[in-house]
Amino acid sequence: MRTLRHSAEHLAAANTAAGRLAIATSLGFDAVALPVDDESARRLGLPIDITAAQIVRGRGALRALLIDAPTEPSLRSLIARVAAGLTTRTSHVLWLVIGSAASGNEIGIACWSPSAKGPRIAAMITRREHVVASDAETLCSLAATSEGDDLLVFMRWCDLLGREALSRRFYRTLEQRVRALGESLTGANATDRAELALLYVSRLLFLSFLETKGWLGGDHAFLSHHFDACMADGGGFHRKVLLPLFFGTLNTPFRHRAALARRFGAIPFLNGGLFTKSALERRYAHHRFPDLAFGALFGELLGAYRFTAREGRDDWSETAIDPEMLGRAFESLMAARERQLSGAFYTPQALVSHVSDRALIVALSNDMMNEDQVRAALGGEALVPRAAEELRSRLREFTLLDPACGSGAFLVHALERLADLHRAAGDMRSIASIRRDVLARSIHGVDINPTAVWLCELRLWLSVVIESDETRMAAVPPLPNLDCNVRVGDTLSGEAFTEPPSLVGPSLALARLRDRYVRAAGPAKAPLRKALAREERRRALDAIDRQLEALVARRRERLFSHKMADLFGDNRPPGAHERAEMRGERLRAAALRRERRRIADGGALPFSFPSHFGAAHSRGGFDLVIGNPPWVRIHNIPPAARGALRARYIVYRDAAWEFGALGARATRGFSAQVDLAALFVERSVGLASTRGCVALLLPAKLWRSLAGGGVRKLLSTRTQLRFIEDWSEAPSSFDAAVYPSVM
């Protein structure tokens, strides 16, 4: 039986021809390798920068290709080119590639399956000097499944080298380690312990991705090395390493770092709020996680898995933890009951990609640029100058919102696709610079779960960081501040953008203030945030004043109409219904005055789109509202909240499909079956600009059920419905029993 130690030794020796052959032999291939001459390499379509290639026979159609390309800096690029050539020339052969590149430091094992768009590669890329446990486990699993029918063996290998098999192990381990880290903290309640543990693990995961880029002192095992050194020096990892690393280094400009921080080496100043002390950390400022818990975290999670800054694509799947997995990891950390009540479930990446691309095509097209041109730009095609200029103009002002962003799947994908469109329109800046700019100007999100918002911000920051090719740490630009772009709040509370932009103040000054804050770092950050907070408070007070003025005017009209004499000289007293309405208006006005006094006295602002997203309101709304809102039956909501939602949303009050109810001889009582997703449709329509687009994943029952009558009426009267796709019969991709549709 192959052990993890033997597997790790084989991977570490794979920079030599004998080492690569040893791996192939352990997987059931012959012990003899046949060299590939120049003419055979040309016929196979192999890249010319491969300096040595050998073929090893396996069972049936299985063949191993052993390659070495020491001058090729990217093993991923090399494997992709090899796969493209072999798929074209030898589609009948089941190839396993074992290769090295980057002067023998990077080692890769890959196979691929055909698809309509070309080979879909599954690969393991490892570094010889840092073979982690998950790499060795993968090689052991490949060897253990090498017996049997050649096609079945090959399919198992493709699964093992893909990310899904690794993902399941990682999620289970992550959940166990976060729980254990939280339980190890003393002197705090269970909820706070769990939140602090997730906060620290999230930061360490983020730094694990930076390690792969060499951004932590050039050490690809920076965290593990510092943990080992700290243990050898008497322990105290939380106090001696993490606190000065987080708050004295990553959150401090180079020139202001203390001597202890400088000893960490060349580490970039990241800013962005990621390494700013949270309110919970300040409350438990003197509490420390024990070394034993961190040791288990490194041994079973951070040091046991390989992290890659490159996210999986349709044509590439890797046995490494990539940033996209963080979203699914968040879902795995939520308790089953919490997920059912909140309706928070992971959205499959294929659906995210499909919905986002279709929505961007609709949202960006206009009379000057048709959908085919936007679709071509998304596909990477060059545009004619006129279309390119129109696309640049649209992108400069484009804004989008995910009203239930969760851990950011839609926002991250939209950020990447908008950056691709900038490049297609002729923007020649680096992709990292474009993403940083798009993130600051265009990307917005809201979620009621603070942990989800935190992880959403983390994923957006990662999306910017992973594309940076900067090698001088002092030249790495600080991360943008996202606390004004991604908000903690209840999307269904308060009002949408109900008032015309002319009533909500000048947009230019507000937009400039927000833009300056998003990009601010150092001493300039705090005063700009205070200025934004003052503007948000002013807008909240103005909104209350306008509501009070409307209530006073309505009451004045009522009183005036009752004082006026009719044709017979008599006054008409108000009826019972009208008296009840007037009493309700008085109570509403009194509540508004109390709320105004509370806010004017410095009380916390309730979440509100007009005040918290004032720049978008001033422009008339968002150009695109996109996402996967929670799917929750209204009867799962507390009764008090149901009353407020019924008063605020037409699709709830008029949920019943009256024509269908008459035909079915049913009463209107089934309106209680309306789904929370229907309310998100109404709110999204209220947040989109006049020419904006709304694209949502919704339960298919909204188009068929009696309780979906309200949302169907809303869409038919207030919107132009472009398309609905029913995915009920599609293979299930969600981790819940659902019947989805795309609107």
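The values are calculated or read from the model by the stated rules, or taken from the named source; none is laboratory data. None of the values given here were measured: they were computed from a predicted structure. Because the Cβ atoms are built from the backbone with ideal geometry, glycine has one as well, and the counts that use them run over all protein chains shown. Surface areas here come from the heavy atoms of the whole protein model, side chains and all, with no ligands, DNA or RNA. Shrake-Rupley method; radii C 1.70, N 1.55, O 1.52, S 1.80 Å.
For the chain, what's the relative contact order in percent, using C-alpha pairs closer than 8 Å and at least 6 residues apart? Before the final figure, lay out the partial values.
On the way: 1165 pairs, mean separation 72.6, N = 743.
Value for the chain: 10 percent.
In the distance distribution for region 1-60, Cα-Cα pairs more than 16 Å apart total 53 percent. Between amide H atoms placed 1.01 Å from N, distances below 5 Å from residue 625 occur with 401, 693, 694, 695, all of them 5 or more places distant or on a separate chain. Using a 1.4 Å probe on the protein chains only, how many percent of the accessible area of region 418-494 belongs to carbon and sulfur? Looking at region 418-494 in its full context, I get 53 percent from C and S. The Cα atoms of region 14-171 give a gyration tensor whose axes a ≥ b ≥ c have a/c under 1.5, which makes the shape rounded.
By accessible area, using a 1.4 Å probe on protein heavy atoms only, region 371-416 has 49% of its surface on carbon and sulfur.
Rounded to the nearest percent, how much of the accessible area of region 84-242 (1.4 Å probe, protein heavy atoms only) is carbon and sulfur? The partial results should precede the final answer.
Details: 3190 of 6240 Å².
The computed percentage sits at 51.
Summing Cβ point charges (Lys, Arg +1; Asp, Glu -1) relative to the Cα centre of the chain gives a dipole of roughly 2960 debye. Here the Kirkwood formula puts the hydrodynamic radius of the chain at 28.8 Å, using every distinct Cα pair.
Solvent exposure of the chain amounts to 45 Å² per residue of accessible area, where only protein heavy atoms count and the probe is 1.4 Å. The alpha-carbon of residue 277 sits under 17 angstrom from the alpha-carbons of these lysines, leaving out residues fewer than 8 places away in its chain: 240, 525.
Calculated from the alpha-carbon coordinates, region 138-239 shows an Rg and a Dmax of 18.8, 58 Å respectively. For the chain, the longest principal axis of the Cα atoms and the long axis of helix 639-648 meet at an angle of about 70 degrees.
Based on the alpha-carbon set only, what is the convex hull volume of region 242-285 divided per residue, in Å³? Walk me through the intermediate numbers first.
On the way: hull volume 3.0 nm³, N = 44.
Spelled out: Cα convex hull of region 242-285, divided by residues, is 69 Å³.
With Cα atoms as the point set, region 400-488 shows a radius of gyration and Dmax of 13.0, 38 Å.
Only alpha carbons enter this Debye calculation for region 361-444, each as an equal point scatterer, and the log10 of I(q)/I(0) it gives at q = 0.20 Å⁻¹ is -0.88. Divided by 2.2 N^0.38 Å, where N counts the residues, the Cα radius of gyration of region 505-559 comes to 1.66. Under 5 Å from the amide H of residue 445 lie the amide H atoms of 402, 486, 487, each residue being 5 or more positions distant or on a separate chain, with H modelled from the backbone and absent for Pro and chain starts. Close amide H contacts of residue 318 (hydrogens built in the peptide plane, cut-off under 5 Å, sequence separation of 5 or more or a different chain): 123, 163.
What aspartates and glutamates does residue 117 reach when the alpha-carbon gap must be under 12 Å and sequence neighbours fewer than 8 apart in one chain are set aside? Counting by Cα, and skipping residues close in sequence, residue 117 has these aspartates and glutamates nearby: 314, 315. Whole-percent P(r), region 82-157, all Cα pairs, 10 Å bins from 0: 16, 46, 32, 6.
I want the antiparallel fraction of DSSP beta bridges within the chain, as a percent rounded to 5. Could you put the intermediate results ahead of the total?
Numbers: 32 of 58 bridges.
Roughly 55 percent of the DSSP beta bridges within the chain come out antiparallel.
Go ahead and estimate [θ] at 222 nm for the chain from helices alone: -39,500 (n - 2.57) per DSSP H run with n ≥ 4, summed, over the residue count, rounded to 500.
Values: 30 runs with 360 residues, N = 743.
Helix contribution divided over all residues of the chain: -15000 deg cm²/dmol.
The lysines whose alpha-carbon is closer than 27 Å to the alpha-carbon of residue 713, local same-chain residues fewer than 8 away aside, are 701.
Computed from Cα positions, the angle between helix 507-518 and the longest principal axis of the chain comes to roughly 40 degrees.
For region 26-90, report the % of Cα-Cα distances exceeding 18 Å.
Cα-Cα pairs in region 26-90 separated by more than 18 Å: 36 percent.
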